[in-house]
Amino acid sequence: MSAPSDPIGHAEERRPASDSGVRGIGVDLVHLPRMREVIERWQERFLRRVFTDGEIAYCQGRRDPTQHFAARFAAKEAGLKALGTGLRLGINWRELEVRRERGQAPVLVLHGRSRTIGRARGGSDRLLLALTHDGDYAMAQAMLVAPDATAPPR
């Protein structure tokens, strides 16, 4: 028996419905004026507590850093929800790092305790990530998936 095909004839990989590869999902919304207030009040103290050096450099290199910090903060919150932990079990903010290579979708890379928990829950070292910002809001959705689900298509 041959593999099912899509309408344009490409072979399609099917997974059993019981094993979609999804191990956790999270979403978060950040109000930009609130993020702006927090950054203005706490400045470097807040930035260094929450963001990695790479994230800080990326955001500060943008025309409006606040919207990028807000999207990354939302990503970290969404990632914690996808892991099912929040900021418990020894996890800190900097263990979840948003990385974006030019021309690529952003990913949430896990370090330290968050990586250990992600793997223990059947996920990989990276969470799939969607970021957006518009008007006064930034939003992120993160998905913890099985390691083979993050492999590039063949």
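The values are calculated or read from the model by the stated rules, or taken from the named source; none is laboratory data. Keep in mind it's a predicted model, so treat the numbers as computed, not measured. Reconstructed Cβ throughout: ideal geometry from the backbone, glycine too, with neighbour counts over all protein chains shown. Heads up: the accessible areas ignore ligands, DNA and RNA and are worked out on the full protein's heavy atoms, side chains in. Shrake-Rupley method; radii C 1.70, N 1.55, O 1.52, S 1.80 Å.
Peptides 134-145, 63-74, 36-47 ranked from most to least packed by the mean count of surrounding Cβ atoms within 10 Å: 63-74, 134-145, 36-47. Evaluated with a Cβ-only charge set (Lys, Arg +1; Asp, Glu -1), segment 59-154 carries a dipole of roughly 300 debye about its Cα centre, given to the nearest 20. Label point of Arg99 set 7 angstrom out along Cα-Cβ; within segment 113-130, amide nitrogens under 12 Å from it belong to 125-127.
Counting only protein heavy atoms and a 1.4 Å probe, segment 18-154 has 56 square angstrom of accessible area per residue. Think of each Lys and Arg Cβ as +1 and each Asp and Glu Cβ as -1; about the Cα centre, that makes the dipole of segment 24-82 roughly 60 debye. Taking amide H as placed 1.01 Å from N in the peptide plane, the amide H of Gly24 sits under 5 Å from that of Leu144, each at least 5 places away or on another chain.
Applied to segment 121-129, the Karplus parametrisation 6.51 cos²θ - 1.76 cosθ + 1.60 on θ = phi - 60° returns per-residue 3J(HN,Hα) values of 8, x, x, 9, 7, 10, 9, 5, 9 Hz, with x for Gly and Pro. The alpha-carbon positions of segment 34-154 define a convex hull whose volume is 108 Å³ per residue.
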